[in-house]
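We did not get these values from a lab; they are worked out from the coordinates using the rules stated. Given the structure is predicted, the values throughout are model-derived calculations rather than measurements. Counting neighbours? That spans all protein chains shown, and the Cβs are built from the backbone with ideal geometry, glycine included.
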Amino acid sequence: MNYIDIIKELLVKNELIEIIISGKEEKTTEYNKISIKPFLKDEIIYFQFAYIYDKKTTHENIEAVETIDKLVEEFVNFKQMVIFSKSNDYQVLKNKKGVKVIKNKASKKQGELLHNRKKNYIIPEDEPCKFLEILGVMNEKGKVFKDKYDKFRQINKYLEFIRDIKDELNKKKKIRIVDFGSGKAYLTFALYYYINEVLGVEAEITGIDLKKDVVEFCNDTAKKLEYKNLKFLWGDIKTFTEFEGIDMIVTLHACDIATDMAIAHGIKWKSRIIMVVPCCQHEIFTQIKNESMSPLLKHGILKERISSLVTDAARGNLLEVVGYNVQFVEFIDMEHTPKNIMIRAIYNGKRNEKALKEFQIFKEFWNINPYLENAMKEELK
């Protein structure tokens, strides 16, 4: 029986634990070893391929129907494979004469497919990740600290949004990213790690923040991690206008019109990607007025919530006018507040006059004069 038939049979019997591919033959193969484990998700079998490099591990989840072809393709560049199962181990050795399978006693006990008991995060649990260790999220063995688990989840959720737009990143040139209001920069470091080390795209990232001590700490941390294309600068969103050729704008929980300032910068630079998670929305709260909506607006808490939605809707519409495809997605917020909407905009270069008409009607209905509209007067002409 060949190794492919063995794997198929073990899957049918629900006995497969893990497959290890090692002993690389080709110097062009960057990773040293591959660990492959099956898991169940929504009653469908998937395989997680863990690619183990010298200093990092990356992951890819593949449906069972595609896995055998992927496994055979990967094995081309390696000399051996070990198949661990509940009943037996199988050592697969490859040489010039062909492929030999040696059957041994089982060395691992667990033989059940995992039923999604642990979420398959982009940065997995229980695997060391240097930047998370230095930032105090996990220990050197990859164990996430209990009081940092919400932060760990937030980081992975954020990276899922980045993964969704990875095809928009230009892999042929160095991309430039600015993170306005980067703060302690958990997500900035995660962004750098994911784009540069996992996706293999060269990215230069600059974090901007008002707190000098935080900026100093983040620069020291970047040096420890040897993140050469990551730097942090002290300054305000209002005054940072000297950048050019910025491919991606990020700002998370910037207060009130600071979010609009960041969006306006991105529009002026024609940034390919703009990602913002707004925070407090004071500006529109003081303006919004419509007699027909008085049952809603006369209550402070309801007025606050509708003001946030109106503000974000206006932002999205204005972005559409100047040539962006806009999505609103739910983002995990550490304070568990309702302010967890992410605006994700991808530049398409096509002006949208219909969106401009929609905005004018919307603006008149709510009796508002948004800062962002005034900040992008030239672009709206």
Could you tell me the extents of region 33-192's C-alpha atoms along the three principal axes, largest first, rounded to whole Å? 59, 40, 31
Dipole in debye (nearest 20) - the chain, about Cα centre, beta carbon charges: Lys, Arg +1; Asp, Glu -1: 1020 debye
Listed with the fewest Cβ neighbours within 10 Å leading, H299, H253 appear as H299, H253
Over the chain, calculate the relative contact order: mean separation of alpha carbon pairs under 8 Å at least 6 apart, over the residue count, as a percent. 10 percent
Taking a crude spin-label model, label points 7 Å out from Cα along the C-beta direction, the L93 to E378 distance in nm is 7.1 nm
Rg and Dmax in Å for region 3-105, alpha carbons only: what are they? 13.4, 42
Give the order of C280, C129 when sorted by the count of other beta carbons within 10 angstrom, beginning with the fewest. C280, C129
Ranked by GNM mean-square fluctuation in the chain (Cα springs under 10 Å), the top entry among I343, I19, I102 is I102
Computed magnitude of the charge dipole of region 3-105 (debye, nearest 20; Cβ of K, R +1, Cβ of D, E -1): 640 debye
Using the crude model of +1 on Lys and Arg Cβ and -1 on Asp and Glu Cβ, and no other charge, please compute the dipole size for region 229-366 relative to its Cα centre, in debye to 20. 320 debye
Could you point to the residue in A345, F189, I17 farthest towards the positive end of the chain's charge dipole, with +1 and -1 charges on the Cβ of Lys/Arg and Asp/Glu respectively? I17
For H59 and K86, what is the calculated FRET efficiency with R₀ set at 25 Å and r taken between the beta-carbons, to the nearest 0.05? 0.55
Among K130/K171; K8/K103; K13/K157, the pairs whose Cα-Cα distance exceeds 27 Å are K13/K157
List K354, K151 from most exposed to least, where exposure is judged by having the fewest other Cβ atoms within 10 Å. K354, K151
So for R0 = 41 Å, FRET eff. of N14-K350 from the Cβ-Cβ r, to 0.05, ends up at 0.20
Please give every one of the aspartates and glutamates within straight-line cross-link reach of K70, meaning a C-alpha to C-alpha distance under 18 Å, and leave out same-chain neighbours fewer than 8 residues apart. D5, E9, E18, E25, E26, E30, E60
Under 26 Å from the Cα of K377 - lysines, other chains or at least 8 residues apart: K238, K268, K270, K289, K350, K354, K357, K363
Paramagnetic reach from K184 in region 119-142 [backbone N under 19 Å; point 7 Å along Cα→Cβ]: 129-140, 142
Between T29 and N367, what is the FRET efficiency for a Förster distance of 56 Å, r being their Cβ-Cβ separation, to the nearest 0.05? 0.35
Computed Rg/Rh of the chain, alpha carbon atoms with Kirkwood Rh: 1.06
